[in-house]
1. Take the residues in the range 324-339 that are over 15 Å from THR305 (Cβ atoms) and not small (Gly, Ala, Ser), then tell me which one is least open to solvent (accessible area, probe 1.4 Å).
2. Please specify each residue of the range 139-162 satisfying the condition of being open to solvent by 10 Å² or more (accessible area, probe 1.4 Å), more than 17 Å from the chain's Cα centre (by Cα) and free of Cβ contacts under 8 Å to residues at least 60 places away in the same chain.
3. All but one of (1) basic (Lys, Arg); (2) closer than 22 Å to LEU235 by Cβ; (3) surrounded by fewer than 12 Cβ atoms within 10 Å (Cβ to Cβ) hold for LYS345; state the number of the condition that does not hold.
4. What residue, among those in the range 114-138 that are touching an Asp or Glu at 6+ places or on another chain (Cβ under 8 Å) and of a type in the set (Ser, Thr, Tyr), is surrounded by the most Cβ atoms within 10 Å (Cβ to Cβ)?
5. Can you find a residue that is open to solvent by less than 20 Å² (accessible area, probe 1.4 Å), at pLDDT 90 or above and in a strand (DSSP E or B) anywhere in the range 217-235?
6. Could you tell me which residue of the range 313-323 is farthest from the chain's Cα centre (by Cα), considering only residues that are in a strand (DSSP E or B) and loosely packed, with under 14 Cβ neighbours inside 10 Å?
7. Do you know which residues across the range 312-334 are at pLDDT below 95, of a type in the set (Val, Ile, Thr) and under 18 Å from GLU269 (Cβ atoms)?
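The values are calculated or read from the model by the stated rules, or taken from the named source; none is laboratory data. Everything quoted here is computed from the prediction, not taken from an experiment. Here the Cβ positions follow ideal geometry from the backbone for every residue, glycine too, while neighbour counts run over all protein chains shown. These accessible areas exclude ligands, DNA and RNA; they are computed on the full protein's heavy atoms, side chains included. Shrake-Rupley method; radii C 1.70, N 1.55, O 1.52, S 1.80 Å.
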Amino acid sequence: MDDSIASLAEKLQELGLTKREAEVYLTIWMKNGATVKELLDLLDVHQPQLYNIIQSLIRKGFVKASAGRPRIYVASDIVPLIDVQKMKLDILKESLREDLVKLRNRTEDETPYISIVRSLEGILAAIIEIINSAEVEIRAELPYTIFSEIQPYLLGALQRGVNLYLLVYPQNETFEEFQRFRDRVKIRTSELGNFLLVISDLSVAVYSKRRFFSARKLPVSNSEIYGYEIQEKDLLLRLLNIHNNLWMKAKEVICWEHTPDVYPKTFLEFSIALNEIEALFRLGYVPVVTVEGRYVKDGQPVKLTGKARSVNRAGIISNFVLDLGTREVTVGGFDAEVEDIEAQKVVIERIIKAQG
């Protein structure tokens, strides 16, 4: 076999042929059709093996057989075969992509994951990575020193259409560069914070102690600084409970206007969605809301659209009522128990003025 044929045989093997199959295909192609006897004369192969190779080539679409006797085997054009393979791969790609997304979204199969992150550089790198991965929303509570380091990446997230909810401490700073994105950002400030916490799409977070970044205490050496990367939704929600208490008390610096042109707006974290719905009620609006999640009783997936009617807050229970026209359902957040639906995504589609 000369070098050019050997090179062709290697390329055919990349299409799924064996070395022997590639040799037989090329021989049939060069002969513009051949019988078994002709192939046996040209190739160093036994007859039973040749029959098996030919049948495999026929199954793969590389060879066609005539109906007469002796049978003449003809090589198929390689270009249509590659086009067919490409179509199959494109279909497989889309199918795998959808299945992998569904697999990742199956909350009942979540695998808790917590890893330690060392040094200030390591914490910053982890924060930047999750900011760059965000698609819908970022929630953060962080000292201004860290905020100033990651500010370009937060602005980049806003440019991608991500919504930001930032609590920055202490409160004597300005945020002028964020004003031009005010339809997608809320910033509040507080004299003191609980911790450093940055959460992306309610799926991954970086947490670290406030102590490491305090301007009021002796600085901590870089080797002593550490934090955690967390991919465990229940733990993220517990940290958010602490954060939300401070968020409600903090000073509002930037917030979008609650006007019809701001919507639709998507929320993955339920408490932010609930706050938004409550604010719209106070302004005399009725939000039209789409909820994606699952029924609490049987875990079946659900997607419903209706009008939000009321917000209920009683102790640790927080939910809202969704009017579907023919019935009403209660909607809660992660790990809901007393509600009808556990929301995994809330979209305020539009707002309409309440009658009377």
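1. Here is the first cut: in the range 324-339, the ones over 15 Å from THR305 (Cβ atoms) are 330, 332-339.
From what's left, not small (Gly, Ala, Ser): 330, 334-335, 337-339.
Numbers: THR330: 36, PHE334: 65, ASP335: 81, GLU337: 146, VAL338: 103, GLU339: 19 Å².
It comes out as GLU339.
2. Once the filter is applied, which keeps residues that are open to solvent by 10 Å² or more (accessible area, probe 1.4 Å), more than 17 Å from the chain's Cα centre (by Cα) and free of Cβ contacts under 8 Å to residues at least 60 places away in the same chain, the range 139-162 yields TYR144, SER148, GLU149, GLN151, PRO152, TYR153, LEU155, GLY156, GLN159.
3. Here LYS345 clears every test but (3).
4. Here the answer is SER133.
5. To start, the set of residues in the range 217-235 that are open to solvent by less than 20 Å² (accessible area, probe 1.4 Å) comprises 225, 227, 230.
Next, only the ones that are at pLDDT 90 or above stay: 225, 227, 230.
Checking the rest, the ones that are also in a strand (DSSP E or B) come to 227, 230.
Yes, the range 217-235 has at least one match.
6. Here is the first cut: in the range 313-323, the ones in a strand (DSSP E or B) are 313-314, 317-323.
Subsequent filtering for residues that are loosely packed, with under 14 Cβ neighbours inside 10 Å retains 313-314, 317.
Details: ARG313: 31, ALA314: 33, ILE317: 28 Å.
Among those residues, the one meeting the criterion is ALA314.
7. ILE316, ILE317
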